[in-house]
Amino acid sequence: MRGIDKGFAGVKALIGASLEVATGEVMALVGQNGAGKSTLIKVLTGAYRKDAGEIAFLGKPVDFTSPEEAQRAGISAIYQEINLIPYRSAAENICLGHEPRRFGFIDWREMNRNAAELLRRFSVEIDVRRPLMSFSTAIQQMVAIARAVSFSARLVIMDEPTSSLDDREVEVLFEVIRQLKREGVSVIFVSHRLDELYVVCDRVTVMRDGRTVLTDRMANVDKLQLVAAMLGRDLATVASKGATAFDESIHTTGRELLRAEGLEIGRRVRGARVAVDAGEIVGLAGLLGSGRTEIARAVFGADPPDAGRIEIGGQEAALASPADGIARGLGFCSEDRKTEGIVPAMSVRENLTLALLPRLTRAGIIDEAAQRDIVERFIARLGIKTSGPDQKIRELSGGNQQKVLLARWLCTNPKLLILDEPTRGIDVGAKAEIQRLIRELADQGLGVLMISSELEEIVEGADRVFVLRDGKTVAELPRREISEPRIMAAMAHGHEQGGAITEETSV
């Protein structure tokens, strides 16, 4: 891809961008949210039409008019937001569009067998006849990857493929990438987790502000150089100040906002507890499946617990729905930005004020002047990059979509904000901005309950950490005791005994 230009509503998303990938090469594609990575991929796959430039695939000029056309030519893409059909089976999703047939009818037995065999390459053993929505996000991600591989693609594009996977599943994915490479298949690997790039990628292409600013072998570029290129900052500044925005100060007023004790939720959570003070950032740490999201949803009222006690502001609260949580001053940014956060077809303005509509409405009519004032104020306050309040939110980068979701809750003046993976799939620059915002909110007295799979983020940002293991709170760490080794020890072996972390006896 050479000299690629693409604009939306007068805003240039790509300016002379370029990308080259060799046969059997794993190319890392990195940059901040809004740098143009997703736009470049969508131009390549035919989802967007380029305004200028040249594209060649397998040595021949191409100009795909649809993703289906690109797929037939040998290009498969796996996006961070899983684009599959939840009500169809795993096998149907894998084989959709190229189902095996017998006498003109779908050969269901052959389709299920092929899908099961393909998933075994990823060390996934599931009943492929079950609806996709009955599986975890991690399994759905593996199904999406299996679908891409099933087309016998010559180029596979993976956009944040590890964002929903645990360490074991990530290693399985990396082995599949190595296998594809041995078979001569090329891979474009998009990830904000810089450590992963050095494990699996041969070269790296860095984008910034719609332009390609660096292409080199991974071995020739260290992490600081990558971050500096992505941010457009001087290397010495990044080396001295880093790319994160949390500091060492402790935020708390000592006034308790939330206390949850003895929570039981289905079969996933047994005996969990968590507490948040006003002005405090509390980290909720644990492995995938430890019950973190279930606790967050229970506290917000989305999934009321089967047992336990929840207190808000010192008073017991029986939250039967999210509306009850909002009424008590809670806000909740879900992990799944696409299906539980944004409304893609609606504008930035409509998405931002969604939770505030009851207060903006009089006799069924929205006060548009008040709505416009709020939207413009929060776009400016959070630095949301958009062509205007009426731009469709689906056209924004992931980091800017996340800022809109934060603004949605901030404009309701909450007392407690629950953030489930607030920086998932977000580049280091946007991550630092969101971390800085979280810190400012805590300084102003807002309580924050933050779930993150990145221990570094928990260690840097939390004033207190509750560690979960198998649905139970196994440790509570004050600021002075927070460290990656202690958190990992609690997640792996710890159980609570008089407030300390102890090792379980091996049998």
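Residues in the range 71-94 that are over 26 Å from the mean Cα position of the chain (by Cα), surrounded by 15 or more Cβ atoms within 10 Å (Cβ to Cβ) and not in a loop (DSSP other than H, G, I, E, B): Ala73 alone.
On the stretch given as the range 329-371, residues that are under 27 Å from Ala138 (Cβ atoms) and among the acidic types (Asp, Glu) total 3.
Within the range 149-174, no residue satisfies the criterion of being assigned to a helix (DSSP H, G or I), touching a residue at least 60 places away in the same chain (Cβ under 8 Å) and under 25 Å from Arg292 (Cα atoms).
Got at least one residue in the range 210-224 being surrounded by 14 or more Cβ atoms within 10 Å (Cβ to Cβ), out of contact with any strand residue (DSSP E or B) (no Cβ under 7 Å at 6 or more places or on another chain), small (Gly, Ala, Ser) and on the phi < 0 side of the Ramachandran plot? Spell out how you get there, then give the answer.
To start, the set of residues in the range 210-224 that are surrounded by 14 or more Cβ atoms within 10 Å (Cβ to Cβ) comprises 210-216, 218, 221, 223-224.
Next, from what is left, pick out any that are out of contact with any strand residue (DSSP E or B) (no Cβ under 7 Å at 6 or more places or on another chain): 223-224.
If we keep only those that are small (Gly, Ala, Ser) as well, we get none.
Within the range 210-224, none of the residues are surrounded by 14 or more Cβ atoms within 10 Å (Cβ to Cβ), out of contact with any strand residue (DSSP E or B) (no Cβ under 7 Å at 6 or more places or on another chain), small (Gly, Ala, Ser) and on the phi < 0 side of the Ramachandran plot.
All of Thr205, Thr244 fail the test of being surrounded by 14 or more Cβ atoms within 10 Å (Cβ to Cβ), within 24 Å of the chain's Cα centre (by Cα) and modelled with pLDDT of 90 or more, apart from Thr205. Return the residue satisfying two criteria in turn: it lies in the range 35-54 and is of a type in the set (A, V, I, L, M) and touching a helix residue (DSSP H, G or I) at 6+ places or on another chain (Cβ under 9 Å), and of such residues it is modelled with the lowest pLDDT. Among residues in the range 35-54 that are of a type in the set (A, V, I, L, M) and touching a helix residue (DSSP H, G or I) at 6+ places or on another chain (Cβ under 9 Å), the one modelled with the lowest pLDDT is Ala35.
When the range 95-134 is filtered for residues that are assigned to a loop (DSSP other than H, G, I, E, B) and among the acidic types (Asp, Glu), the ones remaining, listed by number, are Glu99, Asp107, Glu125, Asp127. Applying the criterion of at least 1 residues that are under 27 Å from Ile438 (Cβ atoms), at pLDDT 90 or above and of a type in the set (Ser, Thr, Tyr) to the strands (runs of 3 or more DSSP E) found wholly in the range 448-507 leaves 472-478. The requirement of being part of a strand (DSSP E or B) and under 25 Å from Asn220 (Cα atoms) is not satisfied by Leu14.
Residue by residue, here is whether (1) free of Cβ contacts under 8 Å to residues at least 60 places away in the same chain; (2) out of contact with any Gly (no Cβ under 7 Å at 6 or more places or on another chain); (3) of a type in the set (Ser, Thr, Tyr) holds:
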residue: Glu20; (1), (2), (3): no, yes, no
residue: Gly31; (1), (2), (3): no, yes, no
residue: Leu44; (1), (2), (3): no, yes, no
residue: Asp51; (1), (2), (3): yes, no, no
residue: Glu68; (1), (2), (3): yes, yes, no
residue: Ile85; (1), (2), (3): yes, yes, no
residue: Asn112; (1), (2), (3): yes, yes, no
residue: Glu117; (1), (2), (3): yes, yes, no
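Looking across the range 280-300, the residues that are modelled with pLDDT under 90 and not in a helix (DSSP H, G or I) come down to Ala285, Gly286, Leu287, Leu288, Gly289, Ser290, Gly291.
The values are calculated or read from the model by the stated rules, or taken from the named source; none is laboratory data. Since we're looking at a predicted model, the values are computed, not measured. For neighbour counting, all protein chains shown are included, and Cβ atoms are generated from backbone atoms with ideal geometry for every residue, glycine included.
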